[in-house]
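Heads up: the structure comes next, in structure tokens.
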Amino acid sequence: MRRGLRSFCLTLAVCATMAAVAAPALAQLAPSEPTPTSEEEEAPDEQLPWRGSSFGFSQLLAASSLSKNSELSYDPYYAFRFEIELQWHFTRAVHISVWQALDIELTDSNTTTRRQQPLLLDTMLRLDAALWQHGSTLTPDAVIVAGPTLVAPTSLASQAATMIIGTGAHVAGNLSFAQVLKGAGVGLDGSYLRRFTESTTVRTAVPYPCFFGDNSGQQCTQLGGPSNVRDIFTLTLSAHLELSERLALSVAAASWWRQGYELSSACVTTLTGQTCLGDQSTTHWRDIRILRAGLGYHAYDWLGLTLLVANFWAERSPDGSLRMPLRSFDTFFGLSAELAFDKLYLAARGKAAGTQPPAKP
């Protein structure tokens, strides 16, 4: 189970990082498109409809991997993630984005059938629209963005959960403070996702005999364990501080409230008659908490690096007891790199034209 949580942690840690880094980008959205004045000229990248598109590479190491004595059974974890996000801006106020990621665990995994097996994550499609802003058109100091979300079951986990599609909505707000050092900001992001599935439990791709030694030929596909997750509510509070033109600090705290499907009574026929077993789950809520801190470095306008530490824990253990945060086996170290396609395009075009922009001090 911890392997699945670690893979999920990579998603959350990277998403939390993206949320903190994306806070300044939210301020670039505006609900209208007035012509910039002479004091407020539009930057070249603002003229590209595919601005904001990027490719990212991340790696995550569990803190418990550094010491074989940290757990009763040594279980190291080290994984890579490759992700791409493509955006298209219809106006300054509205854009659409598609996000796809692929994970590879370098250490031995107990959740894959092959060693270092590449695993696709679910594909996410989002529409973002700026609903309100305060400040100038190009650099607002406050903005609220919202829109719908669609999730396609391209991951093996969602396919095993018989997920058909996920639908939801998100809303995010950001406050910017340009007078604090080189810039600062705080953001609050909330979302809801409903996962529609064919079954309330995980299913196998190939049926198996329901009972050992049973010659009746009865086949089953359901697996034991908790029911599939149905509803996901998230709330993330983030902040960032630009220490210089190149260095930035970011922190984030997130809560994920996940509710599973309720289970109907299961009845089987035995030698003594029919026996039915009802849903004996204590609760179907599986809440998750995340704390994250990162140090970002802008190597170039088109390349950013982030060193992060994240603590990720399920609110309750399998026996229902509360779990404490900041334990070593719930702590992860990460290093990520993000390449902005629009910035790289403008830098390459500037070199070709012999108009290389000045480097940041």
Quiz item: What number of residues in the range 243-257 are charged (D, E, K, R) and at pLDDT 95 or above?
Solution: 0
Quiz item: Can THR200 be described as in contact with an Asp or Glu (Cβ under 8 Å, 6 or more places away or on another chain) and outside any strand (DSSP E or B)?
Solution: yes
Quiz item: Which residue out of ARG81, ARG92 is outside any strand (DSSP E or B) and either touching a strand residue (DSSP E or B) at 6+ places or on another chain (Cβ under 8 Å) or modelled with pLDDT of 80 or more (or both)?
Solution: ARG92
Quiz prompt | Considering residues of the range 300-327 that are free of Cβ contacts under 8 Å to residues at least 60 places away in the same chain and loosely packed, with under 12 Cβ neighbours inside 10 Å only, the residue farthest from SER255 (Cα to Cα) | solution = ASP319
Quiz item: Counting only residues that are surrounded by fewer than 18 Cβ atoms within 10 Å (Cβ to Cβ) and touching an Asp or Glu at 6+ places or on another chain (Cβ under 9 Å), which one in the range 138-156 is modelled with the lowest pLDDT?
Solution: LEU138
Quiz item: Only one of (1) among the charged types (D, E, K, R); (2) at pLDDT below 95; (3) more than 30 Å from LEU344 (Cβ to Cβ) fails for ARG195. Which number is that?
Solution: (2)
Quiz prompt | Tally, over the range 105-128, of residues that are surrounded by fewer than 19 Cβ atoms within 10 Å (Cβ to Cβ), in contact with a Leu (Cβ under 8 Å, 6 or more places away or on another chain) and farther than 30 Å from ASP75 by Cβ | solution = 1
Practice problem: Would you check if THR236 is in contact (Cβ under 8 Å) with a residue 60 or more places away in the chain and either in contact with a strand residue (DSSP E or B) (Cβ under 7 Å, 6 or more places away or on another chain) or surrounded by 15 or more Cβ atoms within 10 Å (Cβ to Cβ) (or both)? | Solution: yes
Quiz item: Does VAL206 qualify as being surrounded by fewer than 17 Cβ atoms within 10 Å (Cβ to Cβ), at pLDDT 80 or above, more than 25 Å from the chain's Cα centre (by Cα) and aliphatic (A, V, I, L, M)?
Solution: yes
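The values are calculated or read from the model by the stated rules, or taken from the named source; none is laboratory data. Predicted, not measured: the structure shown is a model, and the values here were computed from it. Positions of Cβ are generated from backbone atoms using ideal geometry, with glycine treated the same way; all protein chains shown enter the neighbour counts.
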